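The values are calculated or read from the model by the stated rules, or taken from the named source; none is laboratory data. Not measured: the values here are computed from a predicted model. All Cβ positions, glycine included, derive from the backbone under ideal geometry; neighbour counts span all protein chains shown. In case anyone asks, the SASA skips ligands and DNA or RNA and just uses the protein heavy atoms, side chains included. Shrake-Rupley method; radii C 1.70, N 1.55, O 1.52, S 1.80 Å.
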Amino acid sequence: MIHKFLRVLATGIAEDTGKIMRKAYKNLTEIPSDDQWKEDLHQVFLTENNIQTIPNGTCPKCTQLSMLLLNCNVKLNHITDEFFNNMPALKILDLSETAIQPKSMSNLKCLIALLLSGCTELRYIPSLETLKRLISLDLSFTAITKAPVGLESLVNLRCLNLLKIDKLVIPPSLISKLINLECLELGRAQCLRDALVQSAQSLEKLEVIRAHFPNISVFNAFVRFMAENRVIRSYQLTLYHEIYDDDDEEEEEKIDRIYSMKMIILEGTNFKNREAVLLPRDIKKLFIIACFLGIGGRSLCNILSYVHNNNPHQIELLDIKLCEEAGYLCCCSCPFCSSSQLVGRLDLLEMNNVKDLVSPYADSLDQSALFSHLIHLTVTSCSSMKTLIAFKLLALLQNLRTICVYSCKKMKEIVGEDHSVMELTASGDLMARPHPSITLPNLTSLKLDKMPQLDVVYKGIMLCPSLQTFDASLCEKLNPPQIAISNNGSVLSMQKIPLGGYYWRK
């Protein structure tokens, strides 16, 4: 985000000039005394102390001060108005994660970044009308209910963060007046969604967007706008069901950590009306969490489509969890399957009704490139799967490097048999031919854990010339896998381990 860049930039400048007060992480309970605030200071770092108040009469004379970080002083609840009187050059002010409730900021006319994220006691923002130079404004995770006075006059504002302010009331037309916005982050409040929809055409410079939508049609309309607006290069769009409330902080942290933009998150969305979600043409990461597909064991691909189907769409991460009704992942014949390429990871978690990755009714996989570039496959706690990879799918998985399967209690085999090859015996009976050898040329790691019904990895010989690691634990029924790393016909000697499995490492 822009304000993070500004902070890093200012820190670098401070280190070069040496005009800096470093008092961060010192367990200070009081603000440094006036004699430590030299007039030629450029930056002051007081991050993460135990400062609770800045007493009346504190008015350091720092006419060259450009950056002041007081963030993460969680008990700081009072700053006198006169504290900023002699800081005319202040450009970056970070009060994030404090209990502050400032009364006036009118003197800070040079301010370019005002960061108030996580000020959970903050219900009122003083007028911003004089802060004409402001570039970055972060009000996320605050308790404000009204837009600050003067927000519409911040014509230089480039980054505005209003995430997690669910009670905010803001006129829909206000956002459209911020014509220089490049980065916009909006929470779930109804008025924020309305403001985005009404302002979209006015925000010609918008490059980065993070927003939440509870309605498929509105979500799709914005995706169409993005397709027409070539300026937007980064996004994280969340489509959620209005009654769905995900309090899983770990999941939130996971999504934030890999927040690379170009990401779509579908959480708790109800697809019983079979309305498909439009995906941007350049999507890189897709999360599908606890969505409702309706009865009938439908394929997940039925709910997905693209705003443009012209060229292959390369998805770096497809992460799916807790979608109970899904019977299989894809049909391999719909527009989504035929125009998507998974070029990175596929993660499945707690998909309790999924029996196969591909539909059992898919006659031919030749038209689908969905799996042909897949590199990493992880399947966890999918309790109905008996076979991980159907034999007919194997030819499309030649780029796989890692396979991880955990806690799939009904899993019997990793690669299934070739049921299509039968021959007649002398007595005229049908009999399966010997299991053919298979090859996974790029597989480097195969890890299996907690699968009590797993009998075999594959009933024939697997040639894996790149294999470096094989681990299987708590797989009590597993027979020694027949895995070779060369064409000489011999298989690797696996070491039996106490936890009911086998181990081999190159």
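Which percentage, to the nearest 5, of the DSSP beta bridges contained in the chain is antiparallel? Write down the numbers at each step before the final one.
Working: 9 of 100 bridges.
Restricted to the chain, the bridges split so that about 10 percent are antiparallel.
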> Once you sort the root eigenvalues of the Cα gyration tensor of the range 65-222 as a ≥ b ≥ c, which label holds: rounded (a/c under 1.5), prolate (a/b larger than b/c) or oblate (the other case)?
Replying inline: prolate
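Cross-link list LYS146/LYS285; LYS109/LYS177; LYS177/LYS272; LYS285/LYS409: which exceed 31 angstrom alpha carbon to alpha carbon?
Numbers: LYS146/LYS285 34 Å; LYS109/LYS177 20 Å; LYS177/LYS272 38 Å; LYS285/LYS409 29 Å.
LYS146/LYS285; LYS177/LYS272, as the Cα separations exceed 31 Å there.
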> Sequence-distant or interchain residues sharing an amide H contact under 5 Å with ILE288, placed H: which?
Replying inline: LEU266, ASP319, ILE320, LYS321
> Listed highest first by mean packing, meaning other Cβ atoms within 10 Å per residue, what order do 309-318, 437-446 come in?
Replying inline: 437-446, 309-318
> What would the Debye formula give as log10 I(q)/I(0) at q = 0.25, 0.29 Å⁻¹ for the alpha-carbon point model of the range 446-492, no solvent?
Replying inline: -0.93, -1.11
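Which entries in the list LYS23/LYS75; LYS164/LYS284; LYS412/LYS477; LYS386/LYS496; LYS386/LYS477; LYS447/LYS477 go over 21 Å, if you measure between the two C-alpha atoms of each?
Working: LYS23/LYS75 17 Å; LYS164/LYS284 24 Å; LYS412/LYS477 9 Å; LYS386/LYS496 24 Å; LYS386/LYS477 14 Å; LYS447/LYS477 16 Å.
Among LYS23/LYS75; LYS164/LYS284; LYS412/LYS477; LYS386/LYS496; LYS386/LYS477; LYS447/LYS477, the Cα-Cα distance tops 21 Å for LYS164/LYS284; LYS386/LYS496.
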>> Students often get this wrong: which residues of the range 143-160 have the backbone nitrogen under 15 Å from the point 7 angstrom along Cα-to-C-beta of GLU129?
In response: 148-155
> Which of CYS183, PHE213, MET226 sits closest to the plus end of the dipole of the range 175-227, meaning its Cα is farthest towards the positive end, when Lys and Arg get +1 and Asp and Glu get -1 on the C-beta?
Replying inline: PHE213
> How large is ³J(HN,Hα), in whole Hz, for each residue of the range 191-198 in order, when computed from phi with the Karplus curve 6.51 cos²θ - 1.76 cosθ + 1.60 and θ = phi - 60°, using x for Gly and Pro?
Replying inline: 5, 5, 5, 4, 4, 5, 4, 6
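Keeping all protein chains in place, calculate the accessible area per residue for the range 274-414 (probe 1.4 angstrom), answer in Å². Walk me through the numbers before you get to the answer.
Details: 5310 Å² over 141 residues.
I get 38 Å² per residue for this part.
Working with all protein chains in place, sort ILE100, ILE485, ILE31 by solvent-accessible area computed with a 1.4 Å probe, largest first.
The ranking, largest first, comes out as ILE485, ILE31, ILE100.
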> Relative to the present Cα-Cα distance, how much length would full extension add between ASP282 and SER338 at 0.36 nm per residue of separation?
Replying inline: 18.6 nm
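Explain nothing, just the number: dipole magnitude of the chain about its Cα centre with +1 on each Lys and Arg Cβ and -1 on each Asp and Glu Cβ, in debye rounded to the nearest 20. Please list the in-between numbers first.
Numbers: 53 positive and 55 negative charges, 134 e Å.
Computed charge dipole of the chain: roughly 640 debye.
Just to be sure I follow: if Rg is taken over the C-alpha atoms of the chain and Rh is the Kirkwood radius over the same atoms, what is Rg/Rh?
Numbers: Rg = 28.7 Å, Rh = 26.3 Å.
Ratio value, two decimals: 1.09.
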